[in-house]
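Asker: The structure that follows is given in the form of structure tokens.
Just so it is clear, none of the values below were taken in a lab; they were calculated from the coordinates. Note that the coordinates shown come from a computational prediction; the quantities given were computed from them, not determined experimentally. Glycine also receives a Cβ, built like all others from the backbone with ideal geometry; neighbour counts cover every protein chain displayed.
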């Protein structure tokens, strides 16, 4: 058995250091034996948790249920919004690529690779996000200008990524750089909303919501916020009529992130 | 501290759609019920989520508290975890494993992340981990079935070698990295890695866990 394979127990116990973790996850992606063991050990440690059972403080229940009853509750601190725990393996190769200039494609892919490495270095728990960004970069080969701006944002030294899942499904991230004073919405597999509806972005200043750009539903999308970030305390996305709304409809708010 | 004298959840336990029976049949029924509750949560049914909370919160909170030691931090992580479970309920798939494994994995990972980001604040007594780590404390069982389940797991742990048990306990309940476990046990890293994996294999086989 290779040494890397032996790390599977420590992986499930979350006992790997970051560099060991990267190495093991790269191995895990190609090792069915390890995948099976990860799942079995996951069930095993879940049983182990029985030995630790403690009744939580009663007030926690109310507080959690209250938080959940808000459409998209704000977390105790923004860090909690970092890439989702259950990272799905990024599907890096879109199947329906139209044939394009080989060299441009290769250059683009190289940049995408470079980008995903950069992003991985900058963003904690980068696996899921790397997948989003990688797919995003690869699927936007024509939009060079937009891409340059996106590249600039993604490689900004203070870039932060807030990932979450929208109320109606679809994995989204807000990519934010305060030094560039810019924020971008990135959606992966956005649910379709119909021709007469759009996703609408919002910047939040305390209790006030300011209407921002619109994004079509369906597929993978990226869209910069029109507004800069000064005074902005949060970002949100809702579903509105295609013309956009002046105020978000509370019932259709899909996700809110506190900066 | 003895928590078993505390009153049960003030909200009370909601009725379960399937009565729990003894042994693995009961566990399977409960596992299937949790899958159902996840599906209902994914469709926005808060009552289902409340029941999911009632059925899982002791284990999820227990593991978070055991890793973090600080009730304040544990409550915060607990809230994060459940809100995230709610948010991601549509993304849970039973092909990835049981609901409880999905939740405890998320809880453990977040607790460990928290420990590593605030370890300077939280005073973590290493001797405590070494000598109390695998002894259950501050716990309550809500009935015979659970007591039997606990007994089964405790027996499984007892079937491991002392080093396997200690390495696994420090890593899982202590929230230590394998290098820290190696330092604590004064063993080479490779040995610790193997012991943790062997410990999990032993426990998996003792419990008859299947993926």
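Asker: How well do other chains shield peptide A:32-40, expressed as the mean number of their Cβ atoms within 10 Å of each residue Cβ?
Answerer: Neighbouring Cβ atoms belonging to other protein chains average 3 per residue here.
Asker: Another question, then. Place the peptides B:168-175, B:108-115, B:63-70 in order of packing, highest mean first, counting for every residue the other Cβ atoms within 10 Å and averaging per peptide.
Answerer: B:168-175, B:63-70, B:108-115
Asker: Going highest first, how would you order B:72-82, B:146-156 by mean Cβ packing within 10 Å?
Answerer: Values: B:72-82: 22.5, B:146-156: 16.5.
Taking the mean over residues of other Cβ atoms within 10 Å, the ranking is B:72-82, B:146-156.
Asker: Pop a pseudo-label 7 angstrom from the Cα along the beta-carbon direction at both residue B:72 and residue B:91 and give the gap in nm to one decimal.
Answerer: Computed distance between label sites residue B:72 and residue B:91 equals 3.1 nm.
Asker: Beyond 16 Å, what percent of the Cα pairs of the range A:167-259 remain? Don't jump to the answer; show the numbers that get you there.
Answerer: Working: 2081 of 4278 pairs.
Percent of Cα pairs beyond 16 Å in the range A:167-259: 49.
Asker: Can you put A:23, A:37 in order, fewest other beta carbons within 10 Å first?
Answerer: Ordered from fewest to most neighbouring Cβ atoms within 10 Å, A:23, A:37 come out as A:23, A:37.
Asker: Per-residue mean of other chain beta-carbon atoms within 10 angstrom of the beta-carbon, peptide B:91-103?
Answerer: The shielding value for this peptide is 4.
Asker: Here is a follow-up. How many partner chain Cβ atoms sit within 10 Å of a residue's Cβ in peptide B:178-186, on average, as a whole number?
Answerer: Details: counts 9, 5, 2, 3, 0, 0, 0, 0, 0.
If you average over the peptide's residues, the count of other-chain Cβ atoms is 2.
Asker: So how do A:189-195, B:95-101 stack up, highest first, on mean other-Cβ count within 10 Å? List each step's numbers first, then the result.
Answerer: Numbers: A:189-195: 14.7, B:95-101: 19.6.
Averaged packing, sorted descending, gives the order B:95-101, A:189-195.
Asker: At what distance in nm do the modelled label points of residue A:26 and residue A:207 sit from each other, each positioned 7 Å from its Cα along Cα→Cβ?
Answerer: In this crude spin-label approximation the distance works out to 5.2 nm.
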